[in-house]
């Protein structure tokens, strides 16, 4: 991870795992406005999509079948362009967001596959060194219909270390609907200076949101044996003791690092470790993002929107 460079970059270069889709008819993202994308070449994808469909009461018309290589980490730009053209011919105008129902692939050339589906593949979103890339207007917006307002459909990915892990993750998301458990947010300031850049905002977040939620600022490389984790924001290559904590239904956790979104076989801790530990949502970069604050979740924005009732998908409007 290279040194911090001040920037107003706001593009989405991450993988998103979020399962809290409200079933209310007037919800921002609901089972009526979410499309589930399925890779028909991948039996796991078909199984995950069917499970999610039943769990979230999604209609057949919102299940979109695509064909592309599976069991690979990434697609080329040309491969993806063919998939995207197929998707455009099938997606309904009222669809506001996508759920990608497969464990692999998680990357398209120099973009995450979630950002590629949301933004369309473009090298304008691919950084060359620590330089600005193309921005998006969706950043921290109040839009409840992003495709109508911005031509942008947020994407999440239903992935895990196994199909059974994904099913458990889906179940946790469903069980979390409409809950407001007594829990804590852990804003962890680590000894890793390059990955600890979000800590500069922790005090302001505590002052702004402390009356809404129990927020704990921790100076340590990790927390352990906590029984009430709803939010866990930190920054390290690898985070110890995550399996010792109890994550509440709907919990969000991430570690700011270069390649947490490299799901399988990466040199750094995969965001899937958070899912295995019990979190319901997490975020991670798939290519070197430097330590631009704009490339990672802003804890204050995420917490404020989530606590206000947004689904995790829309609470993630922080890029």
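Could you grab me the full set of residues in the stretch 28-66 that are in a loop (DSSP other than H, G, I, E, B), in contact with a strand residue (DSSP E or B) (Cβ under 8 Å, 6 or more places away or on another chain) and more than 20 Å from residue 148 (Cβ to Cβ)? Spell out the reasoning first.
Just the residues of the stretch 28-66 that are in a loop (DSSP other than H, G, I, E, B), to begin with: 28-29, 31-33, 40-42, 57-59.
If we keep only those that are in contact with a strand residue (DSSP E or B) (Cβ under 8 Å, 6 or more places away or on another chain) as well, we get 28-29, 33, 40, 58.
Scanning the stretch 28-66 gives 40, 58.
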Can you find even one residue in the stretch 306-313 that is surrounded by fewer than 20 Cβ atoms within 10 Å (Cβ to Cβ), in a loop (DSSP other than H, G, I, E, B) and modelled with pLDDT under 90? yes
Residue count, the stretch 235-264, condition crowded, with 24+ Cβ neighbours inside 10 Å and within 14 Å of residue 277 (Cβ to Cβ), comes to 7
Of the conditions (1) in contact (Cβ under 8 Å) with a residue 60 or more places away in the chain; (2) within 28 Å of residue 276 (Cβ to Cβ), residue 136 clears all except one; give me its number. (2)
Out of 129, 173, 160, I need the residue that is in contact with a helix residue (DSSP H, G or I) (Cβ under 9 Å, 6 or more places away or on another chain), touching a residue at least 24 places away in the same chain (Cβ under 8 Å) and closer than 24 Å to residue 298 by Cβ. Which one? 173
The residue that is farthest from residue 281 (Cα to Cα), considering only those in the stretch 134-184 that are assigned to a strand (DSSP E or B) and within 18 Å of the chain's Cα centre (by Cα), is 155
Can we say residue 287 is farther than 16 Å from residue 198 by Cα, surrounded by fewer than 24 Cβ atoms within 10 Å (Cβ to Cβ) and modelled with pLDDT of 95 or more? no
Residue in the stretch 45-67 that is surrounded by the most Cβ atoms within 10 Å (Cβ to Cβ), counting only those that are within 22 Å of the chain's Cα centre (by Cα) and more than 20 Å from residue 30 (Cα to Cα): 45
Identify, please: which residue in the stretch 197-234 is touching a strand residue (DSSP E or B) at 6+ places or on another chain (Cβ under 6 Å) and part of a loop (DSSP other than H, G, I, E, B) and is, among those, surrounded by the fewest Cβ atoms within 10 Å (Cβ to Cβ)? 228
If you check 69, 99, which single one turns out to be assigned to a loop (DSSP other than H, G, I, E, B) and at pLDDT 95 or above? 69
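Suppose we keep only residues that are farther than 24 Å from residue 109 by Cα and without any contact (Cβ under 8 Å) to a residue 40 or more places away in the chain within the stretch 246-273. Which one would you say is farthest from the chain's Cα centre (by Cα)?
The selected residue is 246.
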Select from the stretch 73-96 the residues that are within 21 Å of the chain's Cα centre (by Cα) and either modelled with pLDDT under 95 or part of a loop (DSSP other than H, G, I, E, B) (or both) and write down the one among them that is surrounded by the most Cβ atoms within 10 Å (Cβ to Cβ). 96
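Quick check on residue 187: is it surrounded by fewer than 20 Cβ atoms within 10 Å (Cβ to Cβ), part of a strand (DSSP E or B) and touching a residue at least 40 places away in the same chain (Cβ under 8 Å)?
On the way: surrounded by fewer than 20 Cβ atoms within 10 Å (Cβ to Cβ): no; part of a strand (DSSP E or B): yes; touching a residue at least 40 places away in the same chain (Cβ under 8 Å): yes.
When the stated conditions are applied, residue 187 does not pass them.
The values are calculated or read from the model by the stated rules, or taken from the named source; none is laboratory data. All values derive from a computational prediction rather than experimental measurement. FYI the Cβ positions are ideal-geometry reconstructions off the backbone, even for glycines, and counts take in every protein chain you see.
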